[in-house]
Amino acid sequence: MKILLVGAGLSGAVIGRQLAEAGHDCRIIDSRPHIGGNCHTERDPETGVLLHLYGPHIFHTDDEGVWDYVNRFAEFVPFQNRVKTTSQGAVYSLPVNLHTINQFFGKTLRPDEARAFIESRADRSIAEPQSFEEQALRFVGPELYEAFFKGYTEKQWGCSPRELPASILKRLPLRFNYDDNYFFHRFQGMPRAGYTAMVAAILDHPRISVELETPYRPEMAAQADHLFWSGPLDGFFDYSLGRLGYRTLDFERFTYQGDYQGCAVMNYGDRDVPWTRITEHKHFSPWESHEGSTCYREYSRAAGPGDIPYYPIRLVEEKSLLAQYVELAQAQKAVTFVGRLGTYRYLDMDVTIREALDTAGVFLGAEKAGEAIPAFVMPPL
């Protein structure tokens, strides 16, 4: 079959590779001048540092199958993300752990003592937290909430934490030991040559053709037996019902001779600091040595037409509009919507790859059985 895949990021590359290995001809197009989507990496010509052009991407997973898959196409070097935060004139480690608690409150608590101490600061009148703020007040108390979560969240999402669901904070751990590894997955690492080199290896197959700086046009679908769409779900329908809400990021690049901040990621929790964090990219490749350094200040704002969509908002209004777009998508023939943008969900890289592998499997199974593949293998709602 002739397969058209829109988007040369992880979803398009992995699905294309799986289908190409099964004997299908895969044409992959992307409107950008590079492959890799938002995990694109390239060398800074000024400092030689390997840059994550669309913000940091650290690979972490408990999915051994996905870990084996990426290691088939790249050499992964062990890497643990150790995030710091500047708040109220001091630097702390994240996620909030025993060191953070003792440092912030000026104590020397043991784990059991710290657990009891935090519980004593928590608002125990909140039985079932509904909002981000209620979740924070119930589980970490007002002091830690104000210092580490409130200002940062207001900057990141552009709204009060009272308006955000509690589920956002539930993803952030609170540790009563000195473990400052930001993630807790078994497998964590960075591809030595960068993510773009890894995606290039995935795409390196005789049945795959890649066309960059090639925006999708509806007439292209007529030349294919099936279309996989990893662009914005609302974009497929030319935003006919309105635009789904996203946050986007602006990056302010600067260089420094030496080591600017001593870590890869420094968050800024204070509301009066306009950026959310500063990333120093040579620390994402600690096996390399560079005298110069390339850093980025990140600013979050609402995405408009022409902006790169990063984080789906998914509040009540957006979910209502999403349901309407899902209904339109399910009426399409021979189109499957995939990935972060195609399903309007925030996905880590390992989940994106797992879903791409599963989607390719569903497609091949349906083809063999003579059945139609669904518009969504992973339902957005």
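General observations
- Sequence-distant contacts, meaning Cα pairs under 8 Å at least 6 residues apart, place the relative contact order of the chain at 25 percent.
- A simple count of charges around ILE118, restricted to other residues whose Cβ falls under 15 Å of its Cβ and scoring Lys, Arg +1 and Asp, Glu -1, yields +1.
- Ranking of THR214, THR100 by neighbouring Cβ atoms within 10 Å, starting from the fewest: THR214, THR100.
- Taking packing as the residue-averaged number of other Cβ atoms within 10 angstrom, the listed peptides 255-265, 147-157 run from highest to lowest as 147-157, 255-265.
- In terms of packing, defined here as the mean over residues of other Cβ atoms within 10 angstrom, the peptides 17-27, 41-51 line up highest first as 17-27, 41-51.
- For the stretch 133-286, the relative contact order works out to 31 percent when only alpha carbon pairs closer than 8 Å and six or more residues apart are counted.
- Put in order of Cβ neighbour count within 10 Å, fewest first, the listed residues VAL96, VAL210, VAL338 become VAL210, VAL96, VAL338.
- Orientation-averaged projection of the chain equals 20.0 nm² [convex hull of Cα atoms, one quarter of hull surface area].
- Axial C-alpha extent at least 27 Å, average Kyte-Doolittle at least -0.5 - helices from the chain (DSSP): 349-369
- The chain: antiparallel DSSP beta bridges as a percent of all, rounded to 5: 65
- Take every Cα pair under 8 Å whose residues are at least 6 apart in sequence, average their separation, divide by the length of the stretch 96-170, and the relative contact order is 28 percent.
- Gaussian network model of the chain, Cα within-10 Å springs - most flexible of LYS84, LYS170, LYS319: LYS170
- Prolate/oblate/rounded label for the stretch 96-170 (Cα gyration tensor, a/c 1.5): oblate
- Value of [θ]222 nm, deg cm²/dmol, for the chain, DSSP H segments ≥ 4, -39500 (n - 2.57) each, nearest 500: -8500 deg cm²/dmol
Bear in mind these aren't lab numbers, they're just calculated from the coordinates by the rules spelled out. What you see is a predicted model; the values in this text were computed from it and never measured. FYI the Cβ positions are ideal-geometry reconstructions off the backbone, even for glycines, and counts take in every protein chain you see.
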